[in-house]
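The values are calculated or read from the model by the stated rules, or taken from the named source; none is laboratory data. Source: prediction; values computed, not measured. Note that each Cβ is placed from the backbone with ideal geometry, even for glycine, and that neighbours are counted across all protein chains shown. Side chains are part of the model used for accessible areas, which takes the heavy atoms of the whole protein and leaves out ligands, DNA and RNA. Shrake-Rupley method; radii C 1.70, N 1.55, O 1.52, S 1.80 Å.
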Amino acid sequence: MIEGLVVKSYGKLCNVKVDNLTYKCEVRGKYKFSNKFSNPVVSGDKVEISITNKNNGVVENILERKNYFAKESIRDKKGHLIGSNIDQTLIIFSIKNPYTKLIFLDKCLLSSIFFDIKPIIVFNKIDLLNEDEIIKLDKISFEYKKAGFDVISISAKYQIRLDDIKSKLKNKSTLILGNSGVGKSTLINQLSPYSQQRISDISQKTGKGKQTTTFSEIFKINKNTLIIDTPGFKDFNLYLIDKSDIKYQYPEFNQFFDNCKFSNCSHINEPGCAIKKQIGDKIWDKRYNNYLAIIEEYT
Ligand code: GDP
Ligand code: ZN
């Protein structure tokens, strides 16, 4: 058996890269069905395979994941793995063409934190913004920075601040999130000439027009720098996070917890809530309102 990296996964099949060779692999029986996840393997997994022929192999073992990012599967209540062994998420967002609701950003942020992954917020397409929209974006950036997040505004198309992005990605494994149309492919193509070449495909079959990502897929920028591109999704249900644990995924709440009158305060309508006291001051009302909306989705 040899060790490899899953660079693309689709259902119970995946492409595994070993050195410079890629094998299309089936997943061994015991891994095919999991109680936890709807997909047994995902890009980022380290696996052991046995090679069956020049292009094919079988995944014999999935090595323990350092971490993973998952959302709730639409088909069942299991988790749907998006990527694994990740250092950080790059959440790509645009406030124009398309406009994405901030609640989606908040869900990506809180899931990242829950799964032990550092999130980075990227506002793309700043070249499209007029003066009013720039003011609006500045306000949003200000609030998220104040909440403790790493925020960067870029234009992937016109290469504004891409060096900052590059330095953030260096020697890390980064999961890219964002709904479709925000510029994920454009950014990835700008980051490295090598990224144009999808490392996951055994043979490059093109000619189908624009390739849309339907599965997570790894791009290698250099030896230690990996990007996991994900299918664009707009909204999702949280996986594994208890309703009562949502409040712990908000960095800006942390310092005020102890001041709530009740130690189990959910910061919704309890008297003497220190979090509610901070709304409009240390806590942005939009973040708080989306917190309530996310909790509401559970019931
Ligand atoms: P994806 O679905 O997230 O991969 O988005 P794409 O990379 O396919 O981009 C969607 C559209 O937005 C394309 O027409 C891109 O040319 C355009 N686009 C991407 N980044 C920028 C940007 O920074 N500025 C502008 N004006 N357009 C962009
Ligand atoms: Zn409270």
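Some points to look at:
- In the range 273-299, residue nearest to ligand 1 (Cβ to nearest atom) [restricted to those that are over 24 Å from the mean Cα position of the chain (by Cα) and open to solvent by 40 Å² or more (accessible area, probe 1.4 Å)]: ASP285
- Single match in GLU270, GLU252 (criterion: touching a helix residue (DSSP H, G or I) at 6+ places or on another chain (Cβ under 9 Å), crowded, with 18+ Cβ neighbours inside 10 Å and assigned to a loop (DSSP other than H, G, I, E, B)): GLU252
- Only one entry of LYS30, LYS77 meets the criterion of being open to solvent by 50 Å² or more (accessible area, probe 1.4 Å), over 26 Å from ARG161 (Cβ atoms) and outside any loop (DSSP other than H, G, I, E, B), and that entry is LYS30.
- Selection of the range 178-193 for residues being in a helix (DSSP H, G or I) and either open to solvent by 50 Å² or more (accessible area, probe 1.4 Å) or within 6 Å of ligand 1 (Cβ to nearest atom) (or both) yields LYS184, SER185, THR186, ASN189, GLN190, PRO193.
- Pair list, Cβ under 8 Å, 6 or more apart: the range 91-120 residue closer than 22 Å to LEU240 by Cα, other residue of a type in the set (Phe, Trp, Tyr) and within 16 Å of ligand 2 (Cβ to nearest atom): ASP106/TYR291; LEU110/TYR250
- Residues in the range 97-149 that are within 24 Å of ILE228 (Cα to Cα), more than 20 Å from the chain's Cα centre (by Cα) and outside any helix (DSSP H, G or I): ASN97 only.
- For the range 244-253, a tally of residues being within 12 Å of ligand 2 (Cβ to nearest atom) and of a type outside the set (Phe, Trp, Tyr) returns 1.
- Qualifying positions in the range 151-173 - in contact with a Ser or Thr (Cβ under 7 Å, 6 or more places away or on another chain) and either assigned to a strand (DSSP E or B) or open to solvent by less than 60 Å² (accessible area, probe 1.4 Å) (or both): VAL151, SER153, ALA156, LEU169
- Top-ranked residue of the range 273-298 - restricted to ones that are in contact (Cβ under 8 Å) with a residue 12 or more places away in the chain and not in a helix (DSSP H, G or I), ranked as farthest from ligand 2 (Cβ to nearest atom): GLU297
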